[in-house]
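Below: the structure, in structure tokens.
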Amino acid sequence: MILLACATAGCFHATQRDPSSLTFLIESSPTNLDPRFATDEQARLIGAALQEQWRRAGVELELRPLELATLFSDVAKGNFQITYQRWVGANTDPDFFEYAFSSKRFPPDGANRGHYRNARIDALTDQIRVEMNQEKRKELCSEVQKILAEDLPYLPMWFNDVVSVHRRSLGALELPSTGNYNFLATLQPGGN
């Protein structure tokens, strides 16, 4: 998943927003933003596309491509206004909510890079981690998802396609939509 993150918790949140457009985001943004991006080609292209789209809406993005270690360091410290990131794998386990959204999990102790704080999310993620009843855990996760959809600590933009070009001798590959590489453990060279 490709998403935007900002260093001010809930900066994408607006109580009266039209969910069919990003107008709420543009209207609540300063007219000049300093987004942090990696230097790879995909990041550069995404940055350029966002820069043009936001320019048309009256928001200037001054792209700041950074070497990956510098980018991660800045993001971990909260030293950014806005950044785009990729989540690959691991986000299908409910414990991910605690890792990415609990106020106890700011970097380097977790992935709450936007320093998002919500006491209800903290309580729910604590419950999820110890709840053994699958139905109850599912209800707790659903509540977390509803809160996150309202608060928008991150703005999901799109999912990358997961595609494999491989030799037939590897057999049929079951590629997960999460983009992780767990399928490599089940490869059977010379298979069907």
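The values are calculated or read from the model by the stated rules, or taken from the named source; none is laboratory data. Owing to the predicted nature of the structure, the values given are computational and were not obtained by experimental measurement. As a convention, Cβ positions derive from the backbone with ideal geometry for all residues, glycine included, and neighbour counts pool all protein chains shown.
A few comments on the model shown:
- Hits in region 179-192 - residues which are part of a helix (DSSP H, G or I) and either in contact with an Asp or Glu (Cβ under 7 Å, 6 or more places away or on another chain) or at pLDDT below 70 (or both): Phe183
- Screening the candidates Pro176, Pro156 for the property of being exposed (fewer than 15 other Cβ atoms within 10 Å of the Cβ), closer than 30 Å to Leu63 by Cα and modelled with pLDDT under 85 yields one hit, Pro156.
- For region 110-138, the set of residues classified as exposed (fewer than 11 other Cβ atoms within 10 Å of the Cβ) and not hydrophobic (A, V, I, L, M, F, W, C) consists of Asn133, Gln134, Glu135, listed by residue number.
- Residue list for region 33-42, restricted to those being assigned to a helix (DSSP H, G or I) and at pLDDT below 85: Gln42
- Screening region 76-102 for residues that are at pLDDT below 85 and touching a Ser or Thr at 6+ places or on another chain (Cβ under 6 Å) and picking the one that is farthest from Asp161 (Cα to Cα) gives Thr92.
- Matching entry among Phe96, Phe80 (being buried (at least 17 other Cβ atoms within 10 Å of the Cβ) and within 17 Å of Gln145 (Cα to Cα)): Phe96
- Residue within region 155-164 that is more than 16 Å from Phe96 (Cα to Cα) and over 18 Å from the mean Cα position of the chain (by Cα) present: yes
- The residue list Ser102, Ser73, Ser142 contains one member that is in contact with a Gly (Cβ under 8 Å, 6 or more places away or on another chain) and either in contact (Cβ under 8 Å) with a residue 40 or more places away in the chain or over 21 Å from Asn180 (Cα atoms) (or both), which is Ser102.
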